[in-house]
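Novice: Dumping the structure here so I can ask a few things about it.
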Amino acid sequence: MSEHAAAAPGGSRRRRPPRFYFSLRSPYSWLAYRDLHERHPDVADVLEWRPSGSTTPSSTWR
């Protein structure tokens, strides 16, 4: 089974929503986020928002 499809009851497949990977530390992620919401709000509503990397304070470099 591909990573883009999950088995639903009855053996049929359902598609997962597209994913938007972002980093809270990247200015490019913020620009892409803003652009997406301003130009394509309908697309932004169906995306699965996935942070990339760790954003916890304990994982930052000291």
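Novice: Non-local amide H neighbours of PHE20 (under 5 Å, H modeled in plane, Pro and chain starts lacking H): which ones?
Specialist: Excluding prolines and chain starts, which carry no amide H, the hits are GLU48, TRP49, ARG50.
Novice: Additional query: Label LEU31 and ALA44 with points 7 Å out from Cα along Cα→Cβ: what is the distance between them in nm?
Specialist: Result for the modelled spin labels: 1.7 nm.
Readers should treat all values here as calculations from the given coordinates under stated rules, not as data from a laboratory. Values in this document were obtained by computation on a predicted structure and should not be read as measured data. Every residue, glycine among them, receives a Cβ derived from its backbone with ideal geometry; neighbour counts consider all protein chains shown.
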